[in-house]
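Heads up, the thing below is written out as structure tokens.
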Amino acid sequence: MPMAEHRYSVRHVKTAYRGFMSLDLYEATIELDGRTTDMVREVHDHGHGACVLPFDPDRRTCLLVRQLRLPVHVVEGNGLILEAAAGLIDKNDASPADGARREAAEELRYLVRNVTPVGTVYPIPGMVTELMHCFVAEYSAGDKITEGFDADEDEVIEVEEWSLDDLWRAWKDGRLKDGKAAMCLMGLKLERPDLFTV
């Protein structure tokens, strides 16, 4: 029997924490193959996000950020990770694409154009409600922002420019571990294989 035909019910139990994000406790009952299974799960909710991988089609380069992520530090002992520019979509963003443009300006300090969607995913569907909207966009050296659009105070960010071929190699050999950057990179390679030689 297809999974869609199985029956389940979900009940909100309580909010365990509310701050930058909400952590809620839920109970679920699933009826599966004539038996009933109960489970309790924590659900993390902080809104939906947008990410962008800007690329320069003439120089075949792209822009990413390297920043501190405490969970990565807990796992690896070094919390500095290479990522696509990303952030939460806020109430002033007219669309996820507008959120991606704003994040490129704030984190990368570049204006981007021709913002193109490459997919929307649940990065951690077993625990987090967030939908991540992934985009690629074009930039050139003349698009650099010289004033305004500062990153948030708690963000320690370094902007890195990579060749697209080198970034693809980093994905293949395991150095690029950010899922949203990988999705943007694969989307770009599918749409514009002419930008890659590997």
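The values are calculated or read from the model by the stated rules, or taken from the named source; none is laboratory data. These figures come from a predicted structure and were not determined experimentally. Every residue, glycine as well, gets a Cβ built from its backbone with ideal geometry; the counts of neighbours run over all protein chains shown. SASA here: full protein model, heavy atoms, side chains in, ligands and nucleic acids out. Shrake-Rupley method; radii C 1.70, N 1.55, O 1.52, S 1.80 Å.
The heavy atoms of Val75 present about 120 square angstrom of accessible area, all protein chains included, probe 1.4 Å.
Per-residue ellipticity at 222 nm from helix content only, as computed over the chain with -39500 (n - 2.57) for each DSSP H run of at least four residues, stands at -5500 deg cm²/dmol. Within 10 Å of each candidate Cβ there may be at most 14 other Cβ atoms; applying that plus a DSSP loop requirement, which GluC sites (Glu not before Pro) in the range 63-169 survive? Sites meeting the loop and neighbour criteria: Glu147, Glu153, Glu155. Of all the options His46, His73, His133, the one that moves most in a Gaussian network model of the chain with Cα springs shorter than 10 angstrom is His73. Relative contact order, whole percent, for the range 66-112 stands at 25, derived from Cα pairs under 8 Å and 6 or more residues apart.
Once you reduce the range 17-85 and the range 91-146 to the center of their Cα atoms, the two points are 16 Å from each other. GNM on the chain, C-alpha springs below 10 Å: top fluctuator among Met21, Met127, Met39? Of the options given, Met39 has the highest mean-square fluctuation. Among Ala105, Ala181, Ala94, which one shows the highest mean-square fluctuation when the chain is modelled as a Gaussian network with alpha-carbon springs under 10 Å? Largest GNM mean-square fluctuation: Ala94.
Once you sort the root eigenvalues of the Cα gyration tensor of the range 1-92 as a ≥ b ≥ c, which label holds: rounded (a/c under 1.5), prolate (a/b larger than b/c) or oblate (the other case)? Cα axes put the range 1-92 in the prolate bin. Set against the 2.2 N^0.38 Å expectation for a compact globular protein, the chain has a Cα radius of gyration ratio of 1.19. Kirkwood radius, the range 83-198, all distinct C-alpha pairs, inverse of mean reciprocal distance: 15.2 Å.
Residues in the range 111-121 carry Karplus couplings, in order, of 7, 10, 9, 6, 5, 10, x, 10, x, 10, 9 Hz; the curve used is 6.51 cos²θ - 1.76 cosθ + 1.60 with θ = phi - 60°, and Gly or Pro positions show x.
Averaging sequence separations of C-alpha pairs under 8 Å and six or more residues apart, then dividing by the length of the range 51-198, give the relative contact order as a whole percent. Numbers along the way, then the final one.
Values: 270 pairs, mean separation 45.7, N = 148.
Rounded, it is 31 percent for the range 51-198.
For the range 94-198, applying the loop criterion from DSSP together with a ceiling of 12 other beta carbons within 10 Å to the trypsin sites (Lys or Arg not before Pro) yields Arg175.
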